[in-house]
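Remarks on the structure that follows.
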Amino acid sequence: MALNISQDLNEVQYKAATYFKGPVLILAGAGSGKTRVLTYKIGYMLEKGIVRPYEVLAVTFTNKAAREMKQRVEQLIKNPVDGMWIGTFHSICARILRIEADHIGYDRNFTIYDVDDQLRLLQQIMNGMGIVDQKLKPRGVQYVISESKNKLVSPARFQESAASHADRAIARIYIAYEQALRRNNAFDFDDLLIKPLDLFTREKTILEKYQQKFKYVLVDEYQDTNKAQYYLIKQLSSGHRQVCVVGDEDQSIYRWRGADIENILSFEKDYPDCEVFRLEQNYRSTQNILDAANAVVANNEKRLGKNLWSQKDSGAQLRVYGTVDEAAEAAQVLEIINREMFEKRLSYNDFAVLYRTNAQSRALEDRLRRGQIPYNIVGGTRFYDRKEVKDVLAYLRVLVNPRDSVALGRIVNYPTRGLGNVTLQKVENYAQEEQIGFYDALCAADRIDALSDAVRGRIKTFVDDLEAFRRRLPESNAFEIATELVGHFGLRREYTLSTLPEDEARLENINELLNSIAAFTESAVPEEATLEKYLEDVALLTDIDRWDPNFSAVTLMTLHSAKGLEFPVVMICGLEDGLFPLFRSLNDPDDLEEERRLFYVGMTRAEESLYLLWARQRRRFTGRESGMTFRSIVSRFLSEIPDRYKDEENQNSYGGYRMAGSASRKPAAKRPPRELTYTPDLSGSSGFNIGDWVEHEQFGKGQVLGVEKSSAGTKLTILFGPGKLKKLISEYANLTIVEE
């Protein structure tokens, strides 16, 4: 084998791929070939004998990226690299825990709980505690617990710092939740990251074992690591310090789920002797797109700095469309698709429509359906979240881990076998009296005096059937077990007998699940074709892992889901202040910078054409029977794109528009005619309109973002500068309308 590394990479890529004298930070701009550099770096060190495959740890952020990287390395070196540890943080940590879980009091056949499982467990705990606070919901509690775990805040520490009544209640739930997870031999997603840290802290010999095993550590998308992931990498590489992190601070967009941009910004402080390489040549987009994106993200302060450039032609200007409302915006999207298809002979899968919130897809879907355009939504209901699929998976999970009370609670009376809530409560009471698990209590049903002989018989049949399947686990593969289990327990029977179309679809979903298990069994090496491994893979799947780029359909997705993807034509919808950037970010400089990075990510998904759309009015649900239609202010991000890179069109009767915060403005538009059907009175007797610039004697000059009638008068939402979002009653605020 001989890599043509100097010919296949540009100069900076080559230097980054061949540097092995200590810590490395590769700042890889969008479309700059970072995967190529990582692949060649791994191939180079394997070819030169710097490390062997099983001594490499490569961490990616999606399973899809991990599979692609492994395939590319194998193609490059013409040899399999089965011994190399490559995967997401969660899959790598799950693999460590499968080996070492007994050191922290868990069995190795643990279950991984998804959000739905967590919510079910939290609901059980809150019901048991008698917590019926209307303001305290399982989903909110789950969010707080997840956020605490990401920040490495234990239940005890959370309880110590709990000040409010709600926090004290959550602290009690948090403690009970952790106890329940341990009883169920289960980890949630956050545990997969923090339990290895706990393990390494308790057992220094185990930490040393993995430090010696992984002689080189690579991390992709380092800008999106959280606190737990930061410490994991630091611990694993602290001995040899042979660590290479790759990322782009301008694409850090997951602060809301714990990602800390400071991890990449402070890498040079953590490793003063590190070598920094900047990949700035873009191989994806035209120069116009890159220049516009560079101009926007340059407004952020938290960045290390880079400037993307391309050898491609300048390309077309960005097209900006101001439309009447969300329906007109969707119609414009359809017109763009039809025109591009006709002029450039493109396929449907060459198009992506991106938006800030999932709710925006409704108007787009309606229009695409009427236009008979096939589309695929990334981030819709997960296949593995559908009821009939989760029912089958719950049976399989109990086979692997009978202590999983959440899965067991789902299947114990499904399909119905005459074990109602009263019966199950008697079993639960016995379990608590004897201090045993729910499954053990079912196994001991003949000793529960509160149960009738008939009920004991039904429970015994259920348990005996499960145990028969459990005994077969060591000798049967996942597909054999699953197929026979579905038939034995009648999980398809009710759908087979039904004539309802939705039940036919449910039956198809069960069959598709069995197909996926068959495909897994056929592709896995025999010793890994186990039910445990299949369930782990399913638990760690993401929406992007299931997205098929070859399916001929327009892709609809949120901007967060689009990260890492690319399309010839990209349309970004809803570019209005309050929607993108989100309203809440206008009062927080850090949130606003993240919103700007998100826009930058969306822009740099486009290879050839980029369309930016906004609506002058948009219907939003306000808690009433029908939503209210609000006037919009064009997103400040559009004003940050220099005029030479964009072409603005207004295909409606409202005339031109103003760009909020723009250095070069169009003339102010005339007020829209009052016959427009706004539900609220957006001007009223106060004389203020959205978009007006006003002066306040204390706060200075600001722009009106919202006008709302209230019992106290006309309530104005005004942005007086970064972090200065105020709500004032116009009748008492002594405001003066001023020129911008």
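Rounded to whole Hz and in sequence order, give me ³J(HN,Hα) for segment 419-430 from the Karplus expression 6.51 cos²θ - 1.76 cosθ + 1.60, θ = phi - 60°, writing x for Gly and Pro.
10, x, 4, 5, 4, 5, 5, 5, 5, 5, 4, 5
Tyr430: net charge of surrounding residues, Cβ under 14 Å, Lys/Arg +1, Asp/Glu -1, itself excluded?
Local net charge: -3.
Just to compare against my own numbers: the Cα pair-distance distribution for segment 22-106, 5 Å bins, whole % per bin, please.
With a bin width of 5 Å, the distribution comes to 3, 13, 21, 24, 17, 12, 5, 4, 1.
Carbon-plus-sulfur fraction of the accessible area of the chain, 1.4 Å probe, in percent?
The value for the chain is 48 percent carbon and sulfur by accessible area.
For segment 445-454, in order, what is each residue's ³J(HN,Hα) by Karplus, 6.51 cos²θ - 1.76 cosθ + 1.60 with θ = phi - 60°, in whole Hz (x at glycine and Pro)?
4, 5, 9, 8, 5, 6, 9, 7, 4, 5
So what is the calculated 222 nm ellipticity per residue for the chain, using -39500 (n - 2.57) for each DSSP H run with n of 4 or more, over all residues, to the nearest 500 deg cm²/dmol?
For the chain, the value works out to -13000 deg cm²/dmol.
Check the straight Cα-Cα distances from Lys715 and name the lysines below 24 Å, setting aside those fewer than 8 residues away within the same chain.
Candidates past the 8-residue exclusion: Lys670, Lys701, Lys724, Lys726, Lys727.
Multiply the residue gap between Lys234 and Glu467 by 0.36 nm, knock off their C-alpha separation, and tell me the result in nm, one decimal place.
Full extension of this stretch gives 79.5 nm more.
With +1 on each Lys and Arg Cβ and -1 on each Asp and Glu Cβ, how big is the dipole of the chain about its Cα centre, in debye rounded to the nearest 20?
So the dipole magnitude of the chain works out to roughly 760 debye.
So who's got an amide H within less than 5 Å of the one on Thr225, skipping anything under 5 residues away but keeping other chains? H placed 1.01 Å off N, in plane.
Amide H neighbours of Thr225: Asp260.
For Arg362 and Asp82, what does the FRET efficiency come to when R0 = 41 Å and r is the distance between their Cβ atoms, rounded to the nearest 0.05?
With a Förster radius of 41 Å, E is 0.35.
Give the long-range amide H neighbours of Ile377: residues separated by 5 or more places, or on another chain, with amide H under 5 Å away, using H modelled in the peptide plane at 1.01 Å from N.
Excluding prolines and chain starts, which carry no amide H, the hits are Leu556.
Among the lysines, which have Cα under 17 Å from the Cα of Lys215 when same-chain residues fewer than 8 positions away are ignored?
Reachable lysines: Lys21, Lys41, Lys48, Lys234.
Cα centroids of segment 79-99 and segment 349-371: how far apart, whole angstrom?
The two parts, judged by their Cα centres, are 37 Å apart.
Run through the DSSP bridge list for the chain and note the antiparallel percent, rounded to the nearest 5.
For the chain, the DSSP antiparallel bridge percentage is about 35.
Tell me, what is the percent relative contact order of the chain, built from C-alpha pairs under 8 Å that lie six or more residues apart?
Result for the chain is 14 percent.
When ligands, DNA and RNA are left out and all protein chains stay put, how many square angstrom of accessible area per residue does the chain have with a 1.4 Å probe?
44
Order of 87-98, 251-262, 728-739, 597-608 by packing, highest average Cβ count within 10 Å first?
597-608, 87-98, 251-262, 728-739
Suppose each label sits 7 Å from its Cα in the direction of the beta carbon; what would the Arg644-Ala505 distance come out to in nanometres?
5.2
Regarding segment 233-384, what are the three Cα extents along the principal axes, ordered largest first, in Å?
Sorted from largest, the Cα extents of segment 233-384 read 60, 43, 28 Å.
The values are calculated or read from the model by the stated rules, or taken from the named source; none is laboratory data. Every value quoted in this text rests on a predicted model; they were computed, and no experiment measured them. Every residue, glycine among them, receives a Cβ derived from its backbone with ideal geometry; neighbour counts consider all protein chains shown. To get the accessible areas, we keep the full protein, side chains included, count just its heavy atoms, and leave off ligands, DNA and RNA. Shrake-Rupley method; radii C 1.70, N 1.55, O 1.52, S 1.80 Å.
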